[in-house]
Amino acid sequence: MATPSTSKWTLDYSPASSSKVKVQAPPGYVQPPTGKLAARSSSSSSVTKPTAASHVDLDELRQQKAWELATSPAKAVPMQAFMMYMSGTGIQIFSIMSVWFLLKQAVTGAMGVQQAFAGFDASVKPKSTSANDTPQSFLQQKAVYVVCQLGLLAVALWKIRSMGLLPDSAEDWAPIFGGWLMSTPASGIADPLPVKVD
């Protein structure tokens, strides 16, 4: 047996005395049955089979998970809008890369809606060929998913416009349409002013 250390920073790892230390069970803990009673309870639980109610619960769970997937891009819209706002209106490499990734994410998300919901569509194929079995439809969830992706696309287009990269005035289109512009005064009557843009 090792001699006890006199330092207060060392621990004694020697085996405890022969008497076992009894630890109390935490509140709410129920001692599992032992012996024959445990064997009976395990065999009776393995015999139980799923009923039709569990099938309905599974359908509801699929619908709930599909709605969570459909609305997940909507949770990113405020965050992306805040990030685009905070990056400023200047044309820097950071803001251009952020806008590019946002555009790419929105377009690929909208185009890949079938891939996103493929797991749900595969899990609801009708098992029998009876006319009563109609598979679940996730069309509403897919439409909401695409609308949320279009919201991300709108944020990206707003950012591009605020940076001045989106052609939204007549002067931006003048080189394409011949260079002659029509000026509209405050009276609302259009006076042709020859403005040549080279």
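The values are calculated or read from the model by the stated rules, or taken from the named source; none is laboratory data. Note that the structure is a prediction, hence the values are computed from the model and not measured. Note that we place each Cβ from the backbone using ideal geometry, even for glycine, and neighbour counts take in every protein chain shown.
Structure summary
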{"quantity": "Test: Phe94 is modelled with pLDDT of 90 or more and more than 24 Å from Leu139 (Cα to Cα)", "calculated": "no"}
{"quantity": "Residue under evaluation Ile160, criteria (1) loosely packed, with under 10 Cβ neighbours inside 10 Å; (2) at pLDDT 60 or above, criterion not met", "calculated": "(1)"}
